[in-house]
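The structure under discussion appears below in the form of structure tokens.
The values are calculated or read from the model by the stated rules, or taken from the named source; none is laboratory data. Remember, predicted model here, so these are calculated numbers, not experimental data. Positions of Cβ are backbone-derived with ideal geometry, glycine not excepted, and every protein chain shown enters the neighbour counts.
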Amino acid sequence: MPEPSSRLRLLKTFEENKENAYTADFSAQGERFAAGGGQRSVFIYDTNAEQVIGGLADHKQSIYAVAFSQNGKWFFSTGRDGLVKMYNADTFDPVRTWMVLKVGQYWLSINTRTADGHETTVMHDAQFNVVFEKDTTADRVLEAVTLLLYANEDRHGEAVRRSNDTVRTLLPEFDPQTALLQSKPNFAIALSPDSETLVLGGTDGVLRLYETATGNLIRTLALHSGNIRTVACSHDGRYIATGSSDRLVKILDARSLEVVNTIEGHGDTVFAVRFSANDQCFATAGKDARVRLWNMDGYKLKPLVKVTAHTFSINAIAFLDCSKELITVSQDKTIKLWDVASMTCLETIDRTYGGHAFTVNSVAISPDEKRVLTASDDKTVKLWQLA
């Protein structure tokens, strides 16, 4: 294989995924990384040893997003089954499960905490009222939902009374045979820089924020008319950005949760939004194969450049080298490195130089910027050295 004049050198190709690899992320210190995809499992790797050290098999369907918290304590995964799983990032023991489930016309946010093998389930309605709170050893969230909806005041008087008649309203509409079919896949998750807030983008166009410490639902925001495909938090914690299949990008004030900017102009689904390390540059990309850059000055955005960067959809982007460079990965099977100031392509990595054989779905940069991860529909995850 010829050597490219490249800053990226392939270290190893991992083939644990027997189906498409959709997502990968480094831990806060970079000593580990995780990857998931169509196999419904998350694989955990030792970065320096370049080998798999464990796996998690708690999802029922494809895994679309994984993320480590910046405080080094937590690891999260989510996907097509609508579950969000939270683990201890050292031991990978389960800590919490979130699920958003539609029951009739109502949405319930379900938070199940696991401690010492014991589960406690808390449910909130759309107005954040506690609908149900009970210790349970149920193996499945649906069993807890069934407990709620078939509760009566003789057996669970306090829970039913606190629900303000929500239970009795839901009872006639609940069908336990189809309830799980009404859960919504999640394509995107992000953690606030202080690791205190989990941001979840749903296929219903709703952004949901949760406290990581308690699991409590903080807020729901109906932002988009299509799926939320990507979310990102600024490094200073001031902003949250979303991108959607409705072709819009929205930037929110993280404190007030008010939308401060709506960006139009992408020709199709927006798959990637990212803030630069100093939060002065903001980048978006998507199915129209374009990268768009803005200068950020508080709430104000000044357009910098718009570039057709690939021949097909751009699925993920990442800043590096103090945000002087940008990596893009695409459905056209390539990885590209760009100079941000001029938006000229510095290099292209394809199969000839050890790249992927099919669509590249995600890219992640290690905290020290010495390693790069890419995940692909060719069922592989690749670890690269960054010169």
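When Ala28 is tested against (1) surrounded by fewer than 20 Cβ atoms within 10 Å (Cβ to Cβ); (2) modelled with pLDDT of 95 or more; (3) closer than 22 Å to Gln331 by Cα, just one condition goes unmet, and that condition is (3). Within segment 221-245, the set of residues being farther than 28 Å from Asn278 by Cα and either in contact with a strand residue (DSSP E or B) (Cβ under 7 Å, 6 or more places away or on another chain) or in a strand (DSSP E or B) (or both) comprises Ala222, Gly226, Asn227.
Within the group Thr220, Thr242, Thr212, which residue is β-branched (Val, Ile, Thr), surrounded by 19 or more Cβ atoms within 10 Å (Cβ to Cβ) and in contact with a Gly (Cβ under 8 Å, 6 or more places away or on another chain)? After ruling out the rest, the residue left standing is Thr242. Scan segment 326-342 for residues that are acidic (Asp, Glu) and part of a loop (DSSP other than H, G, I, E, B) and jot them down. Across segment 326-342, the qualifying residue is only Asp332.
The set of residues in segment 184-202 that are buried (at least 21 other Cβ atoms within 10 Å of the Cβ) and at pLDDT below 90 contains only Gly202. Does any residue in segment 46-59 that is in contact (Cβ under 8 Å) with a residue 40 or more places away in the chain come within less than 7 Å, Cβ to Cβ, of a residue that is hydrophobic (A, V, I, L, M, F, W, C) and outside any loop (DSSP other than H, G, I, E, B) six or more places away or on a different chain, and which pairs are these? Every condition considered, the pairs that remain are Thr47/Phe33; Glu50/Leu11; Glu50/Leu383.
Residues that are closer than 29 Å to Ser195 by Cβ and buried (at least 19 other Cβ atoms within 10 Å of the Cβ) within segment 1-15 comprise just one, Phe14. Mind checking which residues of segment 297-320 are under 19 Å from Ser234 (Cα atoms), assigned to a loop (DSSP other than H, G, I, E, B) and of a type in the set (Phe, Trp, Tyr)? Answer for segment 297-320, where residues must be under 19 Å from Ser234 (Cα atoms), assigned to a loop (DSSP other than H, G, I, E, B) and of a type in the set (Phe, Trp, Tyr): just Tyr299. Taking the criterion of being in the same structural domain as His235 (by TED's automatic domain parsing), under 27 Å from Ala35 (Cβ atoms), touching a strand residue (DSSP E or B) at 6+ places or on another chain (Cβ under 7 Å) and not acidic (Asp, Glu), would at least one residue in segment 291-299 satisfy it? Within segment 291-299, one or more residues are in the same structural domain as His235 (by TED's automatic domain parsing), under 27 Å from Ala35 (Cβ atoms), touching a strand residue (DSSP E or B) at 6+ places or on another chain (Cβ under 7 Å) and not acidic (Asp, Glu). Based on this model, can you work out whether Ser323 counts as farther than 20 Å from Leu11 by Cα and either assigned to a strand (DSSP E or B) or modelled with pLDDT under 95 (or both)? Considered against the rule, which asks whether it is farther than 20 Å from Leu11 by Cα and either assigned to a strand (DSSP E or B) or modelled with pLDDT under 95 (or both), Ser323 comes out as yes. In segment 291-304, which residues are surrounded by fewer than 20 Cβ atoms within 10 Å (Cβ to Cβ), at negative phi and not polar (S, T, N, Q)? Scanning segment 291-304 gives Asp297, Tyr299, Lys300, Leu301, Lys302, Pro303, Leu304. When only residues in segment 343-354 that are in contact (Cβ under 8 Å) with a residue 24 or more places away in the chain and outside any strand (DSSP E or B) count, which is nearest to Phe271 (Cα to Cα)? Checked segment 343-354; the qualifying residue nearest to Phe271 (Cα to Cα) is Met343.
For segment 358-387, the tally of residues that are aliphatic (A, V, I, L, M) and within 16 Å of Tyr22 (Cβ to Cβ) stands at 6. Within segment 213-233, residues that are farther than 13 Å from Ile251 by Cα and modelled with pLDDT under 95 have Cβ atoms under 6 Å from residues that are not in a strand (DSSP E or B) and not polar (S, T, N, Q) in these pairs: Leu217/Phe128; Arg219/Leu257, counting only partners at least 6 apart in sequence or on another chain.
Would you point out the residue of segment 1-58, among those that are outside any loop (DSSP other than H, G, I, E, B) and charged (D, E, K, R), that is nearest to Gly79 (Cα to Cα)? The extreme case among them is Asp25. Could we say that Arg7 is modelled with pLDDT under 95 and either closer than 22 Å to Thr359 by Cα or among the charged types (D, E, K, R) (or both) here? The answer is yes for Arg7.
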